[in-house]
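Down below is the structure, laid out as structure tokens.
The values are calculated or read from the model by the stated rules, or taken from the named source; none is laboratory data. Since we're looking at a predicted model, the values are computed, not measured. With ideal geometry, Cβ positions are generated from the backbone for all residues, glycine too; neighbour counts draw on all protein chains shown. Surface accessibility is based on the protein's heavy atoms, side chains included, excluding ligands, DNA and RNA. Shrake-Rupley method; radii C 1.70, N 1.55, O 1.52, S 1.80 Å.
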Amino acid sequence: MRLSKTLVITSAVIGLVASGFYADVQAKPRKVQKPSQKVVKVQIAKTYNDIDKMIDYGNYATADRLLNDLLKKNPNDISARSLYIISLAKQEKFDVAQSQLNQYLPKFSKNANLHYAQGVLLVKRQASSDMEYREKSEDLLKRAQNEFNTALIINPRYYQAYNALGVIELNTGNWNKARQYFGRALEVDPNYATAIDNLGTVDYLQGNHDLAQKRFMKAIALNPNSSTAYFHLAQVYDKKSGYSKALDALDHSLRIKGNSSVAYNLRGEILKKQGNETAAIESFKKSIALKPENTKPYINLAKIYERRFDNELAIANLKSALAVNPAQYSVKLKVGELSLLKGDYNESLKYYSSLVGVEGYNADALKGMANAYFAQVRDTASKSATANKKELQTAYNNIEKALQANPNDLDLYLAKLKMAKLINQEKATQETLDKIIKAPVRGLNDLLAKGDAYYAMNKYQDAKKTFEKSVVFAESLDDYLYVAEILTYDKFYPSAKDVLRKALIVDPTNEEAVHNLNYIMNMERQSESLYKDAKFFQKKDKNRVFAREYALKALDYNPTNYDAALLSAKLCEKQKHYVEAIDAYKVVAGLEVKPRKIKKMNKKIVKLEKKLAKIDKRYMKKENKEFKKCQDRSTLSL
């Protein structure tokens, strides 16, 4: 109950109560006995209490109409005024509410309702779209707590203030303290629906879904106009996989409050689980339109677009989420990952590097950076844009530090292997490869790391055998899909297709498996088309430069394209691009199944490596000679 101990009683209020609610008109005139002062107080208190409940249960239109009637007859009725300001604050009419608080709170500093109204306004301000207030969220919540505590000092039975303090504790993760505050509110009013609903939310967060459901249903029984209780009930049904019931509860919630961003987001999540992605996308977009600061629908949209291999749209939505809240480290990690998949290495490195040193994300960021640098160097089209030696060395040093804290993380060793190769640390490269290969296999991830290490060192046959072992190691549909995701990411398509076909035997309609298989087949088709273009330029046009360029593009789409790798190797060799030629011949040797041809390819690789070593030797000799000349000149004095 929000009434302070002292009630302002006016003739206008008495008239409203007597005529509006308790009129007793007879046909014949008779002398009406005036009600006693005590009766009038009770009647007025009942009127305020009724309005109070209307505000609590969201029936603002009726409450505002009654309060306006009261205030027209007596503008100085502070009890009616304070309730009116509470109603304004709850309806998020911030400027009007604050203007009235500025006018009345200094004059009536002992009015609990006004302090409560100020607290409500501060809480709602910090959750609004106005960035000026969102950026001061912590300070606003502290000020709101002070206002609610002041209201309780004035009126220790102010159950709405207890509830409001519980909401603040709930939002800051103090679940047990929140439970205590909601319990205090219910000690004063056991039928206070809002506190029952909030108590159910604590149960839900602590995993007691059955008890939470009972509380939400009780809150709805007490207040059928509670959009929040229906929303919370939908969350419980969602957790229990009762999607139809969840959607029904959300429909009830949205009929009461049609501008709820969180309700439309949850609706989208449930529709997505039911397989209705088109309707889910519309719900997420509606959620964003209602409240652009809600980051969840952006992330949910990104997940759908990622599944559809539309990484551009996925990244755009994730960046929108980061624009609202730059501290979402998991989102930054995902942007780095998707940018890497898209071949935007600088963008990928930008996001990964922003997470270096961040607790809980440092190791993953360093692995991502190693993958980005490694892919950047392997992509011949972007060699001019690769990082300088200092950046590469810094990344390598950071991985070394991370390994001291995580000495058993094979993925970190894999990152070290890639960086060691990039900075030409031959000894460290071999030692790290040996470390990975000799490490005990403790699970599926270890096998995948070993396969990736072989693949990074162009040991394709060893990589293929290891990846095939990982397929055998997989035991469930989730394992198959996980292995396929890693192999698809590495563009090791033959083994990825084998795993996906096994997944489809287990679940023939699995959307993820079908999507990934279609993606691989599309990449293979693109690669084959580019290979044919390369052959055209080689044979018909006699243009080796274009032929080599298209052959390399074919390998970008599908590094396991045998014909494109062989053509690329031959063209690179003829144009004396020996490093690229060796890499291409290693791909061919790795994909070849006939022992005689494998032997032939290995001989070719050895021959080219010797030729490359001679060229390097001549180059170093020339460099040393030039260095000596410069050194001799530097000793001369004028």
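Once segment 215-257 is narrowed to residues that are open to solvent by less than 40 Å² (accessible area, probe 1.4 Å) and part of a loop (DSSP other than H, G, I, E, B), the residue that is farthest from ILE196 (Cα to Cα) is GLY242.
Scanning segment 394-449 for residues that are β-branched (Val, Ile, Thr), within 14 Å of ALA365 (Cβ to Cβ) and surrounded by fewer than 17 Cβ atoms within 10 Å (Cβ to Cβ) yields one hit, THR394. If the condition is being within 22 Å of TYR57 (Cα to Cα) and not in a helix (DSSP H, G or I), then segment 190-214 contributes PRO190, ASN191, TYR192. Restricting attention to segment 291-345, the residues that are more than 12 Å from the chain's Cα centre (by Cα) and aromatic (Phe, Trp, Tyr) add up to 3. Pull up segment 63-77, narrow it to residues that are assigned to a helix (DSSP H, G or I) and open to solvent by 40 Å² or more (accessible area, probe 1.4 Å), then point me to the one that is farthest from TYR104 (Cα to Cα). The selected residue is ARG65. With respect to the conditions (1) assigned to a helix (DSSP H, G or I); (2) modelled with pLDDT of 90 or more, VAL42 lacks only one, and its number is (2). Of GLU359, GLU293, which residue is touching a Lys or Arg at 6+ places or on another chain (Cβ under 9 Å), farther than 30 Å from MET457 by Cα and surrounded by fewer than 19 Cβ atoms within 10 Å (Cβ to Cβ)? On inspection, the qualifying residue turns out to be GLU293.
ALA381 falls short of the stated requirement of being within 22 Å of SER348 (Cβ to Cβ), of a type in the set (Gly, Ala, Ser), modelled with pLDDT of 85 or more and assigned to a helix (DSSP H, G or I). Within the group LYS586, LYS622, LYS617, which residue is assigned to a helix (DSSP H, G or I), modelled with pLDDT under 85, under 30 Å from TYR489 (Cα atoms) and basic (Lys, Arg)? Selected residue: LYS586, the only one of LYS586, LYS622, LYS617 that is assigned to a helix (DSSP H, G or I), modelled with pLDDT under 85, under 30 Å from TYR489 (Cα atoms) and basic (Lys, Arg). Taking the condition crowded, with 21+ Cβ neighbours inside 10 Å, over 17 Å from GLN235 (Cα atoms) and aromatic (Phe, Trp, Tyr), does TYR264 pass? When the stated conditions are applied, TYR264 does not pass them. For ASN276, the criteria (1) without any contact (Cβ under 8 Å) to a residue 24 or more places away in the chain; (2) touching a helix residue (DSSP H, G or I) at 6+ places or on another chain (Cβ under 8 Å) hold in every case but one, which is (2). Being in a helix (DSSP H, G or I), closer than 23 Å to THR228 by Cα and open to solvent by less than 20 Å² (accessible area, probe 1.4 Å): is that true of GLU187 here? Judged against the criteria, GLU187 is not a match. Selection within segment 276-332: residues that are among the acidic types (Asp, Glu) and at pLDDT below 95. The member of this set that is farthest from ILE520 (Cα to Cα) is GLU293.
Residue under question is LEU271, and the condition is that it be under 21 Å from the mean Cα position of the chain (by Cα), within 30 Å of GLU512 (Cα to Cα) and either in contact (Cβ under 8 Å) with a residue 60 or more places away in the chain or buried (at least 16 other Cβ atoms within 10 Å of the Cβ) (or both); does it hold? Yes, satisfied. Looking at GLU359, GLU337, can you tell me which residue is within 30 Å of LEU552 (Cβ to Cβ) and either at pLDDT 90 or above or not in a helix (DSSP H, G or I) (or both)? The conditions single out GLU337.
Identify, please: which residue in segment 304-319 is assigned to a helix (DSSP H, G or I) and in contact (Cβ under 8 Å) with a residue 24 or more places away in the chain and is, among those, most open to solvent (accessible area, probe 1.4 Å)?
Looking at residues that are assigned to a helix (DSSP H, G or I) and in contact (Cβ under 8 Å) with a residue 24 or more places away in the chain, I get GLU312.
Of the residues that sit in segment 589-609 and are over 20 Å from TYR493 (Cα atoms) and aliphatic (A, V, I, L, M), which one is most open to solvent (accessible area, probe 1.4 Å)? Of everything passing the filter in segment 589-609, VAL606 is most open to solvent (accessible area, probe 1.4 Å). Restricting attention to segment 91-131, the residues that are surrounded by fewer than 19 Cβ atoms within 10 Å (Cβ to Cβ), among the aliphatic types (A, V, I, L, M) and part of a helix (DSSP H, G or I) total 2. Of all residues in segment 139-161, those that are hydroxyl-bearing (Ser, Thr, Tyr) and open to solvent by 20 Å² or more (accessible area, probe 1.4 Å) total 1.
Yes/no per residue for (1) open to solvent by 60 Å² or more (accessible area, probe 1.4 Å); (2) more than 30 Å from the chain's Cα centre (by Cα); (3) among the hydrophobic types (A, V, I, L, M, F, W, C):
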site: ALA503; (1), (2), (3): no, no, yes
site: ASP507; (1), (2), (3): no, no, no
site: SER527; (1), (2), (3): no, yes, no
site: LEU530; (1), (2), (3): no, yes, yes
site: PHE536; (1), (2), (3): yes, yes, yes
site: LYS542; (1), (2), (3): yes, yes, no
site: TYR557; (1), (2), (3): yes, no, no
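Residues in segment 462-477 that are farther than 22 Å from ALA375 by Cβ and either open to solvent by 20 Å² or more (accessible area, probe 1.4 Å) or more than 33 Å from the chain's Cα centre (by Cα) (or both): LYS465, GLU468, LYS469, VAL472, PHE473, GLU475, SER476, LEU477.
Tell me yes or no: at least one residue of segment 304-325 is aliphatic (A, V, I, L, M) and under 30 Å from PHE182 (Cα atoms). Explain how you work it out, then say what you get.
At the first step, the residues of segment 304-325 found to be aliphatic (A, V, I, L, M) are 304, 313-316, 318, 321-324.
From what's left, under 30 Å from PHE182 (Cα atoms): none.
Checked against the condition, which is being aliphatic (A, V, I, L, M) and under 30 Å from PHE182 (Cα atoms), segment 304-325 yields no hits at all.
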